[in-house]
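A quick write-up on the structure given underneath.
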Amino acid sequence: ISTIEAHDAMVKFGSMPQILVWLGYLELFGFLAIINMQEGKTDRKPGDFGLRGFYPSDAKGQYDMQLKELRNGRLAMLAFSGIATVGVLTQEKWPFFDAVVNAVPASQEASSALCGSASTSRSSTVARHASSSRSMPFLPKPQNLGGLVGSEAEFDPLGFSDTFDIKWLRESELKHGRVCMLATIGFVAEQYVQFPGFTASPDALQAIYTAPVNMTALLLVAAGYIESSTYNGKLTMLDMFDGEGAKRAPGDLNFGKRFLPEDKAQADELAMKELSNGRLAMLAFSGMVHHNLVVKGPLFPLFPEGWEGPQGSWDLDSTAGALNSGRLGL
């Protein structure tokens, strides 16, 4: 298919929204980097995202590479504009034209001033500020993560720790991670195993509708009781770690502590594994839910027989779904 038809095919198949979401995610971090740079919180240079895999160590090599990137980028913008324009005008695939275009004679080769000229006298060494984040060196180092397991990565691009109680945030992260570790197991098991008296539901998202109402109510009451009694009714970030709660480490519910190693380094390593697996489980559970919404079916097989793509995946039985599908006539 042609260059233009490829875009339309991606939109029709439904993959374009996912691409735009990931691009928007990257743009968000770029925007945060620019804001912090303009506010003087970092000494980041424009376009610097801390990638140093093939970056020269000497100042002249760094400047030459930056200049090449700038020139190639300018050329690529012109080239892509030309490709899109020719694709629209000819409605043909590459190479667009059947005619053979003669190459430019070697005698006419010359360096172009359009892309700028190099100056070997200037150094473009990117200085690293002592307070830069380790995981995202183009952003400032978070100031309130000290003492927590996993704080070595210094990852807090949105600056939540500057606004909210970091202990409450870690408590929430651990709790959601633990719940999602259980949820991922339950989400997979629901397709194959059910409790006695429960209706089978291969699509785990439908289990909430097929489960007995009294059991659903019992689950909500039990969860609410555990949530409230664990913290003696102190659930908000304003009071959870006040008084006696100030002595408690985030996530420490005095449950299963006898299985922890006595050595602090080993205990921290185990806590880091729990944190990492909890973060992975949150992503995994989100992916499982999204998968079932997209294919409108169970988790396995990943691609149901006869599935033609994710178009119409979000056409839900709701006001938003009706607006999306045009059922309201708007």
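Bear in mind these aren't lab numbers, they're just calculated from the coordinates by the rules spelled out. What you are looking at is a predicted structure, and each value in this text was computed from that prediction instead of being measured. Quick reminder, even Gly has a Cβ in these numbers, built from the backbone with ideal geometry, and neighbours come from all protein chains shown.
Take the cross-link list Lys175/Lys234; Lys12/Lys296; Lys175/Lys247; Lys68/Lys93; Lys175/Lys296; Lys167/Lys273 and give me the ones stretching past 22 Å between alpha-carbons.
Lys68/Lys93; Lys175/Lys296
Please state the equivalent ellipsoid semi-axes for the range 240-293: what are the square roots of 5 times the Cα gyration tensor eigenvalues, largest first, in whole Å?
Working from the Cα gyration tensor, I get semi-axes of 29, 17, 9 Å.
In terms of the ratio Rg/(2.2 N^0.38 Å) built on C-alpha atoms, what value belongs to the range 1-50?
Against the empirical 2.2 N^0.38 Å value, I get 1.68 for the range 1-50.
Sorted by average packing, counted as other Cβ atoms within 10 angstrom per residue and highest first, what order do 234-241, 133-140, 23-30, 172-179 take?
Going from most to least packed, we get 133-140, 172-179, 234-241, 23-30.
Share of Cα-Cα pairs in the range 188-263 beyond 22 Å, in percent?
Taking all Cα-Cα pairs of the range 188-263, the fraction more than 22 Å apart is 51 percent.
Viscosity 1.567 mPa s, temperature 4 °C: Stokes-Einstein D of the range 126-179 from its Kirkwood Cα radius, in µm² per second?
Roughly 109 µm²/s, to the nearest whole number.
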